[in-house]
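Report on the structure given below.
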Amino acid sequence: MGCGMGKSELRLKKCDRVTISVPAATAIRAALLIQRWYRQYVARLEVRRRCTWNIFQSIEYAGEQDQIKLYNFFGFLMHHFTPASSERNLISHIFRENEICHHAEWERYFCCESVEVPDSYDGPHLTFPMTFCGVSKLVEAFKHKQLLHARYVLQLLGETWRLLRILTNINHVSTCHTKEITICGDLHGHLEDLLLIFYKNGLPSSEKPYVFNGDFVDRGKNSLEILLILFGFLLVYPNDVHLNRGNHEDHIVNMRYGFTKEVLGKYRVHGKKILKLLQKIFSWLPLATVIDHKVLVVHGGISDTTDLDMIARVDRHKYVSALRPPKTTHHAVNGGKTMNSNDSEASGPVEARRRVCSLSHHRSPPPQWHNLPRRSLHNLPMSSQLSWSVEEELKKRRRLAGLDQSYGELQRSDPDPECGATAETDEQEWKQIVDVLWSDPMPQNGCVPNEVRGGGCYWGPDVTEEVLGRHNLQLLIRSHECKQDGYEFCHNRKVLTIFSASNYYEVGSNRGAYIRMGPDLVPHFVQYQASRACRELTLRQSVGWTERSALRALREQLFVHKSDLISGFQEFDPNNTGMISLRHWASATESVLKLGLPWRVLRPQLVSSTQYSMVDYQQWIRELSITEPKLEISDTSILETMYKNHSNLETIFRIIDTDHSGSISFEEFHQTWKLLSSHLKTEISSEAIADLAQSIDFNKDGSIDINEFMEAFRLVDLSSHT
């Protein structure tokens, strides 16, 4: 008897094979459909993520641009008004050279013997010279949110200043077979990122060298703690810890982006002195680091005129603020000194965003500037004083200076033949510093003014090839730009951006990263998220979280420009129907905000409903979900001016508050608004300003407190509370 199958069994087996093969084919088709759907899903999330990123970055760069425009305006006032002018007096202290110039006098200024540490102080006690044990205790104390006593802060800053003075402009470091070097980008006050780097990578030591590439301060809440930790390790390991200066290591920038406020909040008694010392220390930070003579590390980047030999020779401490051009001496009749001026507007856009001319790329000033008659408002007859306004004075100064309608738009002219070689050298040195601190790479060849930030330049792959080749380098590592993955290559992988502050714009907005590099000079990346909550989010949740935050910030921008938006929309609505097309809506919105955003892509998130591709713009303005404080003032136009220029006003407030007391008088408040209205070329009546001051002075003590000032104009996004 055989063991073969019967016919019925054979048919059953064949049938089984058929029934098995049909589900397999269906499963493959289903898998392909799921894969296609998932790719589309991820692609849509990526589009949303990139739009969100563009919103954050555009608003950030617009703020930097506003800061430079405001500072250029102050420079214009300093150039054209005499010291007797009250307007000039209000801002002169930010342009003044350090009152204490000699090192011996600075030694006394750093002295803190009179600052006593009370018995009740339970924070870390530091001893000097600094030891690894001491700085480790400092790290642990800051991890537990303890505050270092002012005496130790002053001592630590003094020791740091003495060390920085003997360092060169360009640090030269080398790797070896037994160790790697770690390179960190911007930290921006994010202490949790620094602590996470130390946890993952180890504390700095002679076996674990570090390069920290600038922008230690501003934006975050713990900038001072980061500085003190880095300075502590620098003192212990001066040959293995290297600090480059960033564009935010600048007291003018700090007034806008939070570091000034942070220090004064933590050290009310000694905060002003600490800020003064840090202003000096920032000017002594090295400008670059070169690894194994092959890798250049700078904060911002390069330009087509970058010369490392010149950078190595610069007296870097002269440039306390990189925003301030060097003084040039002209052989004028009065023999006075004047400051070179910068353009604040320029044509020839790189991309569709708000523009000002780059800080270090400008045309030469008219030769007649140094001979301009200077006039104080106080020298006018009393009857003229009462009717004379800052704006009228500025208009006259512009005409005399050869300026057109904007205070910074200089007419083209030949350079002043009387400017000496020294002035030209100072200008070249200053440009070198601005370019390495402020510049960004671009994909196109060439080198053009960085008109998005307002400082430095955009440089292309050809410039990278030329500069690296000229100095026999193979890689440029820079920071300065937040990247979603924490790092990014460009220019044929010869330029590498590293950014170490995770969750920079919002929780989940980006990863942080640092580089480990061995003797082969091949960069290895370590990415991280400092926020535990963010690590637990799905991709969709993370994108949704950051998108809501970005749209909230964008709606605020739209709200504060609502009058300008309505005027822009009405140009496309001659019959006053209240309806415009989506194309016209996007065009008018961009023309007002100038943020270079894909408005038609963002339309579903910003406009709740459309009909036949038309937008009811009047209804849309009402639906922005922003409410404003109810201040009882007669001139409501001043509120919109305030909302538009919130950061500018806070910056002016802090400049005028010279004693850092946190409050200014009604008269100083009046001068604050006059300065702003002159900067904006708008007229705001004295009565309206006085009315506003009375409304803001909630406790009726006759002065404006910074907290009252900021709270009075706090916008509330109702959509975030629903």
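The values are calculated or read from the model by the stated rules, or taken from the named source; none is laboratory data. As the structure is a prediction and not an experimental result, all values here were calculated from the model. Here the Cβ is made from the backbone with ideal geometry for all residues, glycine too, and neighbour counts use every protein chain on show. Note: areas computed on protein heavy atoms with side chains; ligands, DNA, RNA excluded. Shrake-Rupley method; radii C 1.70, N 1.55, O 1.52, S 1.80 Å.
Of all residues assigned to the range 442-457, none qualifies as being open to solvent by 20 Å² or more (accessible area, probe 1.4 Å), at pLDDT below 95, in contact with a helix residue (DSSP H, G or I) (Cβ under 6 Å, 6 or more places away or on another chain) and part of a loop (DSSP other than H, G, I, E, B). Of the candidates 553, 530, 501, the single residue that is among the small types (Gly, Ala, Ser), part of a helix (DSSP H, G or I), touching a residue at least 40 places away in the same chain (Cβ under 8 Å) and touching a helix residue (DSSP H, G or I) at 6+ places or on another chain (Cβ under 7 Å) is 553.
Within the range 291-319, the set of residues being within 15 Å of residue 439 (Cα to Cα) and either buried (at least 23 other Cβ atoms within 10 Å of the Cβ) or without any contact (Cβ under 8 Å) to a residue 40 or more places away in the chain (or both) comprises 296, 297, 298, 299, 300, 301, 302, 303, 306. For the range 557-567, check the following and say yes or no: at least one residue is open to solvent by less than 50 Å² (accessible area, probe 1.4 Å), assigned to a loop (DSSP other than H, G, I, E, B) and within 30 Å of residue 585 (Cα to Cα). Yes - at least one qualifying residue is present in the range 557-567. Condition first: part of a helix (DSSP H, G or I) and of a type in the set (Ser, Thr, Tyr). Can you find one or more residues in the range 245-263 that meet it? Yes; the residues of the range 245-263 include at least one that is part of a helix (DSSP H, G or I) and of a type in the set (Ser, Thr, Tyr).
Quick grid of which residues meet (1) free of Cβ contacts under 8 Å to residues at least 12 places away in the same chain; (2) hydroxyl-bearing (Ser, Thr, Tyr); (3) open to solvent by less than 20 Å² (accessible area, probe 1.4 Å):
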residue	(1), (2), (3)
424	yes, no, no
433	no, no, yes
466	no, no, no
469	yes, no, no
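Output the number of residues of the range 25-66 satisfying the condition of being of a type in the set (Gly, Ala, Ser) and either within 21 Å of the chain's Cα centre (by Cα) or surrounded by 12 or more Cβ atoms within 10 Å (Cβ to Cβ) (or both).
Summing the residues that are of a type in the set (Gly, Ala, Ser) and either within 21 Å of the chain's Cα centre (by Cα) or surrounded by 12 or more Cβ atoms within 10 Å (Cβ to Cβ) (or both) in the range 25-66 gives 3.
For residue 547, the requirement of being outside any loop (DSSP other than H, G, I, E, B), crowded, with 19+ Cβ neighbours inside 10 Å and acidic (Asp, Glu) is met. Would you mind stating whether residue 17 is surrounded by 13 or more Cβ atoms within 10 Å (Cβ to Cβ), at pLDDT below 85 and in a helix (DSSP H, G or I)? When the stated conditions are applied, residue 17 does not pass them.
Taken over the range 505-516, the criterion of being surrounded by fewer than 22 Cβ atoms within 10 Å (Cβ to Cβ) and part of a strand (DSSP E or B) is satisfied by 516 alone.
Residues in the range 474-504 that are under 29 Å from residue 541 (Cα atoms) and buried (at least 22 other Cβ atoms within 10 Å of the Cβ): 479, 480, 482, 486, 487, 497, 498, 499, 500, 501, 502, 504. Just one of the numbered conditions (1) free of Cβ contacts under 8 Å to residues at least 40 places away in the same chain; (2) open to solvent by 30 Å² or more (accessible area, probe 1.4 Å); (3) in a helix (DSSP H, G or I); (4) farther than 18 Å from residue 476 by Cα is not true of residue 282: (2). Does residue 494 satisfy being touching a helix residue (DSSP H, G or I) at 6+ places or on another chain (Cβ under 6 Å) and basic (Lys, Arg)? Spelling it out, residue 494 is indeed touching a helix residue (DSSP H, G or I) at 6+ places or on another chain (Cβ under 6 Å) and basic (Lys, Arg).
Take residue 580 and tell me if it is crowded, with 16+ Cβ neighbours inside 10 Å and modelled with pLDDT under 85. Here the answer is no, as residue 580 does not meet what is asked. If you take the residues of the range 628-672 that are of a type in the set (Val, Ile, Thr) and either open to solvent by 50 Å² or more (accessible area, probe 1.4 Å) or out of contact with any helix residue (DSSP H, G or I) (no Cβ under 9 Å at 6 or more places or on another chain) (or both), which of them is modelled with the highest pLDDT? Selected residue: 658.
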